[in-house]
Every structure is written in structure tokens, then in C-alpha cells.
1. Distance from the Cα centre of the range B:183-259 to that of the range A:208-270, in angstrom?
2. Could you run the numbers on buried accessible area between B and A, total for both chains, 1.4 angstrom probe, in Å² to the nearest 100?
3. Take peptides A:62-72, B:92-102 and line them up by average Cβ neighbours within 10 Å, highest first, as a rough protection proxy.
4. In square angstrom, rounded to the nearest 10, how much accessible surface does A:D18 have for a 1.4 Å probe?
5. From the backbone phi of the range A:239-245, what are the Karplus-calculated ³J(HN,Hα) couplings (6.51 cos²θ - 1.76 cosθ + 1.60, θ = phi - 60°) in whole Hz, Gly and Pro given as x?
6. Between A:M50 and A:M303, what FRET efficiency comes out of the Förster formula 1/(1 + (r/R0)^6) with R0 = 25 Å and r the beta carbon distance, rounded to 0.05?
7. For the range B:1-34 and the range A:151-204, compute the distance between their C-alpha centroids and round to whole Å.
8. What is the P(r) of the protein assembly as shown, as percent of Cα-Cα pairs per 20 Å bin from 0?
Amino acid sequence: MAKPDVFDFFDAESLLTDDQKAIRDTVRAWVSERFMPIIADHFEAHTFPMEIVSEMAEMGLLGPTLPEKYGCAGVDNISYGLIMQELERGDSGLRSFASVQGALVMHPIFTWGSDDQKDYWLPRLAKAEAVGCFGLTEPDYGSDPGGMITRAYPADDGGYVLNGAKMWITNGTIADVAVVWAKTPDGFGGFLVEKGMPGFTAPETFKKLSLRASVTSELIFDNVKIPSKNRLPDAHGLKCPLKCLTQARYGIAWGAIGAAIDCFACAIEYQKSRRQFDKPLAGFQIQQAKFADMLTEITAARMLCMRLGKLKDEGKMHHAQVSLAKRNNVMMALRIAREARQMLGASGITLEYPVMRHMANLESVLTYEGTHDIHTLVLGEAVTGISAFR
Amino acid sequence: MKIAVLVKEVPNTESRPRIEGGRVSRDGIDYVVNPYDEYAVEEAITKAEALSGETFFVTVGGVSEKKVLLNVLAMGIDRAIVVNRTDMEGSNPRGAAKIIAKVLESEKPDLILAGKQGVDYDYGQTPLLVAEYLGLPHVSMAIKIDIEDGKAICERNTDDGVEVVEVSLPAVITADKGLNLPRYPKLKGIMGAKKKPWETKELSDLGLDESLANPAESQVEYVEFSTPPARQAGRIIDGEPADKVKELVRALSEDSKVF
């Protein structure tokens with residue numbers, strides 16, 4: 001029996017189609033060759049590498065599951081997951097960019113938008129001629145989005161007047177279009193707020209110690225006039241933005257595996273070459289116990305995602321299953337990143353190695369798109385039938 | 001405009017070749033498209049896009065899994081012609097060139113592009129022999145190719161500067177690093193690659209004799225393969241600085257004969 005590959009211990013590879021493997025390998029090569037050499041400098045400079053966005057778009061990594069009609073690739077959900085995994089092996093900021101553009105902007109426009117909105121925005125977003133962002137979270141309403149203050153009042157001309165503020169918005173400052181969720185007289189609605197609309201500003205949030213290679217912003221709406229054609233006609237109720245988040249969380253569950261693998265691989269390489277007391281660090285029992293835990297957790301996380309992807313492709317995925325995968329996999333990746341940081345000793349704190357960068361990023365990933373604790377309560381409700389927060 | 005690209009599968013640079021039975025073993029070796037051929041592939045796709053041409057690749061081999069060559073189609077080449085000879089890897093540029101020339105005789109491309117050499121055995125002969133057998137002009141190691149009025153104007157690096165060469169088409173041009181930046185396959189390209197035409201040919205289909213694949217045909221005889229010797233440990237010179245310098249100069253001039 002052949003010795004199992006430590007990076008694919010339960011041979012998930014044989015569950016993949018040739019296309020899925022080729023897609024993953026292509027994205028992996030691109031991340032290694034084009035992204036890895038520049039990420040540390042961008043992370044340090046607190047900048048997002050806009051220079052590689054057109055390449056991502058050219059390959060078809062933005063909204064890849066959407067149909068070809070809109071210039072997208074129409075890949076299955078396992079392929080999509082593998083793309084997210086490889087992007088986050090690079091950096092959570094890179095995966096965040098793709099997640100937001102695809103799952104949180106293109107997905108709602110595709111699902112609830114008018115034909116005009118789809119025809120105009122989707123090809124542009126796929127080609128990265130336009131960048132999008134998603135505005136749900138507010139300064140005072142995060143886990144409880146139903147309490148949001150942002151309001152869209154009907155105007156005399158049939159359009160809306162938008163007032164309020166959104167916070168922690170990935171890509172906000174660089175976005176050409178924001179999918180903004182607001183309270184309306186009829187409940188909740190989704191609006192396409194375009195860059196340059198009078199009264200709309202999106203200042204960037206600085207001094208972040210996490211996701212430094214990603215643009216985070218506030219969105220401020222001061223009597224912004226929104227034409228009626230900019231409302232998503234089929235988006236009614238809070239369930240719509242929550243469905244968007246389910247899409248994005250699905251990608252995060254996969255992405256976390258990428259970050260974990262990068263830390264795991266780095267720790268193995270470092271520990272095998274670094275010698276203390278006349279032998280490699282990897283030869284010490286404490287270190288081997290850590291490797292055993294990492295191997296187990298990554299293997300389990302991957303099998304979870306493989307199954308989740310199948311359920312999604314079959315149209316049978318429940319949002320609580322996504323909560324379980326996001327909650328488990330992100331915490332798994334964060335633990336591994338922290339452990340790997342220790343296993344690299346002092347070297348682990350520098351940007352010469354990816355582990356502390358991943359660790360810092362994953363602190364955000366643990367919190368965004370439904371905090372770890374909220375997903376815990378979702379699962380608690382799934383078990384008991386009793387909601388702890390409603 | 002019909003453009004042919006000559007492509008070869010080579011071991012990736014991370015593979016550790018082992019010698020078995022006097023030859024380099026294929027066991028445990030991962031194959032990739034020869035990196036220089038990727039420049040040729042990129043150039044073919046770009047030129048075909050600009051001149052609304054068609055493209056195909058020719059390879060003699062099929063030594064690895066099909067996925068390696070599918071990558072060429074995923075990048076954007078229209079169709080594949082694979083002459084199925086797994087026994088000619090690295091052994092026989094002359095035989096390979098005769099086979100490829102035979103394929104191209106019937107295809108009649110306007111332009112034949114190839115990498116300047118395979119990074120396995122580094123002969124750098126096959127494309128030039130193809131030109132010879134077809135009676136076509138060739139330009140080797142191009143870093144720029146412009147097509148106009150049935151001619152190719154190519155730039156190539158030389159020790160003294162850039163040389164500009166003009167050839168009439170059809171011609172064989174080999175690609176050097178710097179010609180372009182090969183693209184990554186698009187997701188749509190990857191998913192469409194398997195649907196593109198894929199022709200597998202045997203020597204008999206081409207009306208060629210089996211003896212072409214015979215190593216004797218290459219007119220090269222392999223006497224021996226050996227792995228590079230392990231690097232020796234360095235030497236530390238002890239003593240006072242003045243003595244150390246003296247000993248260093250002596251060692252460099254007498255032992256290692258650097259001076």
C-alpha cells in the first residue's frame with residue numbers, strides 16, 4: 001500500500017474529476033508564481049494588490065459558478081471550493097476579494113437582479129472592469145442585522161433616498177457598485193449604489209492588524225438618491241442577504257483549508273531543517289504531536305468540504321451545514337496558524353514566513369460572515385430546536 | 001494563417017531523476033510541458049488571435065498522463081496531433097524531427113513555432129531538423145516575432161546585442177525566454193480542452209518505418225549516465241589572519257587552481 005500523502009491523507013484527490021484537478025492546479029500555480037512573491041510587501045504596506053486582479057478575472061476566478069452567458073465559467077461547487085482554497089493558501093485578503101465579488105455581489109445580482117442589472121453588471125464584474133462590495137453590517141448591528149438603521153425611503157420620483165452607514169466592508173473604497181441592504185417601508189431591500197452618486201462616500205479603514213492586504217471600508221449614505229432601476233427587484237426580506245452570506249461562507253470553509261495547509265507545509269519544512277540539540281526540531285515528540293493534530297484536523301476539514309460541495313451541487317445543502325463547516329474549518333485553520341507560528345520560533349513572527357500573516361488574517365475570518373459564536377448558536381439551535389438569540 | 005506548435009513533455013524541475021539499467025528512469029517523475037514550448041504556445045495563440053488564424057500542436061511522445069498535453073489545449077491551442085511513441089523520449093531528435101516533418105507535410109502550416117530546446121536532454125535540435133527536412137528557413141531563439149506580408153521579422157539576442165532577422169513564411173521559429181509571458185489557462189479553457197479535436201497517430205499511419213524510432217537512427221550512442229558527485233564539505237582554515245591569508249592564496253592557486 002502506498003504511503004499516504006501528508007497533504008491529502010485520505011486521498012480526496014481520487015474523488016475529484018480531471019477538470020477539478022486541472023482547475024485547482026492552475027490556480028495553485030498562479031498563486032505560487034504571481035501572488036506569493038508580492039504578498040508580504042502588500043501586507044506590510046497595508047495595500048491590496050490591484051495589479052493582479054485583471055489576471056484573476058482573465059482566468060475566470062470571479063463569479064466562476066455563474067453561467068457563460070455573463071462571461072463566467074459555470075464551474076461546479078467543488079471546483080469553486082478548490083479555487084477558494086488555493087486563493088486563501090495565498091492570503092485571506094485575496095480570497096476575500098474573490099468571495100465578495102463572486103458570492104456577495106455577482107450572486108445577488110444574478111439571483112434577484114433585473115435582466116438589465118444582470119446584463120450590465122455581471123460581465124463587467126466578471127472581467128474586473130468593475131469591483132463590487134456588499135453592505136450589510138453596520139457600526140451598531142453586526143450579528144443582529146435585522147436591527148439595521150440604514151433606511152431607503154421612497155422618493156417622489158419613484159426612486160429612493162438612502163441614509164445610514166455600513167462598516168467593515170471589504171472592497172468598499174475601490175468598489176464601483178455596492179450591494180447595499182436597507183430597511184424599506186415594505187421590509188428589507190437590496191440596492192445597487194454606484195460610485196459617485198451624490199452623498200455616497202466610502203472611506204477606508206486603516207490601522208488593521210489583520211487582512212492588511214485587503215481594502216476594508218465604511219460606506220456612508222447621506223441622502224443618496226437611488227433610481228428605482230437600482231433596486232434588486234426580487235430581493236425581499238432579510239433572508240436574501242443571509243443567503244448571500246451562506247454562499248460566501250461555503251467558500252470560506254474551503255479557503256480556511258488553504259491557509260491551514262500553507263501553515264502546515266511551512267512548519268514541516270522549517271522543523272525538518274532547523275536543528276537543536278543535534279537533531280531536527282521535527283524529531284521531538286512535542287512537535288510530532290502538533291503535526292499529528294494538524295494532519296488530523298486538515299484531513300477532517302477537507303473531507304467535510306468535499307461532502308458539503310457534493311450536497312451543494314445536488315441542491316441539498318442546508319445553511320446549518322455551512323455554519324458547521326465554516327465554524328469548524330476557520331477555527332481549525334486559526335489553531336494551526338497559531339501552532340505553526342510557535343513551531344517556527346522567533347522566525348515565525350516575521351513576514352519572511354507566511355504563518356503569522358495567516359494567523360492575523362484568520363482572526364478576521366473567524367469573526368466575519370457570521371462569528372464563530374453565532375455559528376455555534378446556529379448549531380445549538382439545530383440540535384435543540386431552541387434559538388438562543390431570537 | 002495556420003500555425004503549428006511543436007510541444008514536448010519534460011520532467012518538471014522538482015523531479016529527482018534516478019538511473020536504472022544505464023538509463024534515466026521515468027518512475028516517480030512528474031511531467032510538464034517544456035517551459036520553452038510554452039512561449040511558443042503563447043505566441044501561437046496571440047498571433048492566431050490577431051490574424052484570425054488556427055492553431056494545432058504536434059508532439060511525439062505521450063509519455064505522461066494526457067492532462068499535461070491537455071493543458072496546451074486549455075491555454076487555447078485549437079487541436080492536438082499526438083504521435084504515440086513513448087520509447088523515443090530524449091533519445092532521438094533526428095527520428096522525432098522526421099516524424100514531425102511528415103505530419104507537417106500534410107498539414108502545411110504557414111508558421112511553425114517551437115521552444116528553443118527541451119529542458120530534459122537540451123539538444124535543441126528537433127525544430128531545426130524539422131526545418132531542414134521540410135526545406136524551410138528557420139530562426140532560432142527569437143525574443144520578438146512580427147508577421148507581415150508573408151514574412152516574419154524576428155529579434156534574437158546575441159552576445160553583441162539584438163539581431164533582427166527576416167524570413168519568408170512558411171518558416172520554423174524557436175522561442176527563447178523573453179518572447180512573451182505565457183498565459184494561465186482560463187477555467188473555461190480547462191473545461192473545454194477535452195472537447196477539442198485530439199488525433200493520435202502511429203508511425204504506420206504516417207507511412208513511416210518503425211526503424212525511425214530505433215535509437216540507432218539518432219546517430220547518438222549513450223555511453224553512460226551518472227548522477228553528479230555529492231558536494232564536498234568546505235574547509236575552514238585556522239590560524240592567525242596573516243597565516244590564514246597565505247594559506248588561502250596557496251590553496252586557491254595550487255589546490256583548486258583558481259588563479
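The values are calculated or read from the model by the stated rules, or taken from the named source; none is laboratory data. In this text, all values refer to a predicted model and were calculated from it rather than measured experimentally. Cβ placement follows ideal geometry from the backbone for every residue including glycine, while neighbour counts extend to all protein chains displayed. The area values use the complete protein model at the heavy-atom level, side chains included, leaving out ligands, DNA and RNA. Shrake-Rupley method; radii C 1.70, N 1.55, O 1.52, S 1.80 Å.
1. Rounded to whole Å, the Cα centres lie 46 Å apart.
2. Buried: approximately 1300 Å² between A and B.
3. The densest-packed peptide leads the list: B:92-102, A:62-72.
4. About 90 Å², ignoring ligands and nucleic acids.
5. Using θ = phi - 60°, the values come out as 4, 5, x, 5, 5, 4, 5 Hz.
6. For A:M303 and A:M50, the calculated efficiency is 0.10.
7. 56
8. Percent of Cα pairs in each bin: 16, 41, 32, 10, 1.
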